Amino acid sequence: MTETAAPGLQALFDPAHRADPYPTYRRWREDTPVAGPMPGLFVVTRHADCAAVLRDSRFGHAEPDEPNLLRPAPPTDAETALVDENGNPVRSFLGLNPPDHTRLRKLVSKAFTRPMVARLAPRIEQLTTDLLDGMAKRTGQVDLIESLAYPLPVAVISELLGIPNADRDQFVAWSHSLARGLDPDFALPPGTRENLVRTRGEFAEYIRGLAAIRRADPGEDLLSALVQVHDSGDVLTENELLATCILLLIAGHETTVNLIGNGTLALLRAPGQLAALRDEPELVDHAVEEFLRYDSPVQLTMRAALEDAEIGGVEIARGSAALLVIGSANRDPDAVADPDALDVRREPTRHLAFGQGIHFCLGAPLARLEARIAFQALLARFPALRLAAEPAWKDNLILRGLATLPVHLT
Ligand code: HEM
């Protein structure tokens, strides 16, 4: 196979594509599974190829001082809130290679193991009940994103990190801006990058202030624990602490919301599946995996070739970027039978919704638990739940999710 013509990358940015990108992905998978729409960029759409790149140590994240197609902008003044001693922006461990990635991931991984997360279940159930109580008091149309899908993960991650209740509203604007900033620079409207840089600075300042408070008066939360790690040795710099907190907050704010939103929409559009899950609530774990696969909250991720390599027979020169279309890989018929059908009874698949390899999602046990509790409670509480109007999609490319999901509860 050779590198082929542009697969129409602009389709990714087309609002018409947002509601249903899957026919386009299918065309790309069939016609140009490893396409080169512009010099130095490859778009990878097959499951086997995406999984292989995620596991291949020849692919990773480019060093900030190397020319980088995905992040060409140099750090600006505002970004100096978060730069290292060489003036490079400090990246969270999501964007780092070993050994820094390994060191930083290890520091927080204990807090996200399955047993640690299971201890949060009663609190997540309580938060869910409170939100559903709030929804039940409303009459007419209710926006499921605003009333459940967004506030639940926000409350959980904020409590875990130790963000005071009173400060949470401020996070809505910050985290939307930072989440949009995950998209590659070439996909962002003018001004977004400047906005992002300002937000990162404000966010860093906020966490810095909160860290000082926790230093003086530690709590049971993760920020207090990280402050202690920082203070007790040279294993975590202050900038790394800030970048880790920002990563966890964004990951906790902007992904699980899309699992709950996209999953609910998929169910409401497939009445037979909705009925099956309602009749057999014990299917919920299978259903959550299916929602992750069927309409993946993280649609894309990126890697840089750290050395010359190949993907699916196509030569990839060192320094090139690979855009891995997770949303397409999860609909690849070579990996999953009848991939365009939602099937809440489906046996486990090898979906890539949480990535694979060394960057496999650290929050997967937490996201699964929150989704399981939310879906079980939502369906039990509102047996007549149905779509009230067509939902609206957000503009984000990497994080695929709904801006609104209007439903009727009764
Ligand atoms: C990494 C998806 C929820 C924390 C990732 C990656 C994916 C992903 C695809 C890998 C990205 C890559 O390899 O480039 C999701 C989805 C979620 C979710 C679909 C919800 C449904 C969460 C939550 C947290 C979290 C709730 C934590 C609070 C992280 C972290 C990483 C990560 C820290 C970086 C891991 C590393 O670089 O080693 N996530 N995530 N995620 N996720 Fe999640």
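Quick rundown of the values:
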read-out	value
Residue count, the stretch 174-194 (criterion: of a type outside the set (Asp, Glu) and either more than 17 Å from the chain's Cα centre (by Cα) or more than 27 Å from Leu226 (Cβ to Cβ) (or both))	9
Scan of the stretch 274-301 for residues that are basic (Lys, Arg) and more than 13 Å from the ligand (Cβ to nearest atom), ordered by number	Arg278
Extreme residue, nearest to the chain's Cα centre (by Cα), among residues of the stretch 270-284 that are within 18 Å of Leu369 (Cα to Cα) and of a type in the set (A, V, I, L, M, F, W, C)	Val284
Any hit, the stretch 158-166, residues being more than 14 Å from the ligand (Cβ to nearest atom) and under 22 Å from Thr255 (Cα atoms)	yes
The stretch 117-142: number of residues that are within 16 Å of the ligand (Cβ to nearest atom) and in contact (Cβ under 8 Å) with a residue 60 or more places away in the chain	6
So Thr349, is it modelled with pLDDT under 95 and within 16 Å of the ligand (Cβ to nearest atom)	no
Residue check, Val197 among the β-branched types (Val, Ile, Thr) and within 29 Å of Leu226 (Cβ to Cβ)	yes
Given (1) of a type outside the set (Phe, Trp, Tyr); (2) exposed (fewer than 14 other Cβ atoms within 10 Å of the Cβ); (3) modelled with pLDDT of 85 or more; (4) within 30 Å of Leu222 (Cβ to Cβ), index of the condition Ala19 fails	(4)
Residue, modelled with the lowest pLDDT, within the stretch 363-410, restricted to residues that are among the β-branched types (Val, Ile, Thr) and more than 16 Å from Gly263 (Cβ to Cβ)	Ile398
Residue within the stretch 296-309 that is in contact (Cβ under 8 Å) with a residue 40 or more places away in the chain and basic (Lys, Arg) present	yes
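Conditions (1) of a type in the set (Val, Ile, Thr); (2) farther than 30 Å from Val43 by Cβ; (3) in contact with a Cys (Cβ under 9 Å, 6 or more places away or on another chain), marked per residue:
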site	(1), (2), (3)
Pro164	no, yes, no
Val172	yes, yes, no
Gly201	no, yes, no
Leu226	no, yes, yes
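The values are calculated or read from the model by the stated rules, or taken from the named source; none is laboratory data. None of the values given here were measured: they were computed from a predicted structure. Note: ideal-geometry Cβ built from the backbone for every residue, glycine included; neighbour counts use all protein chains shown.
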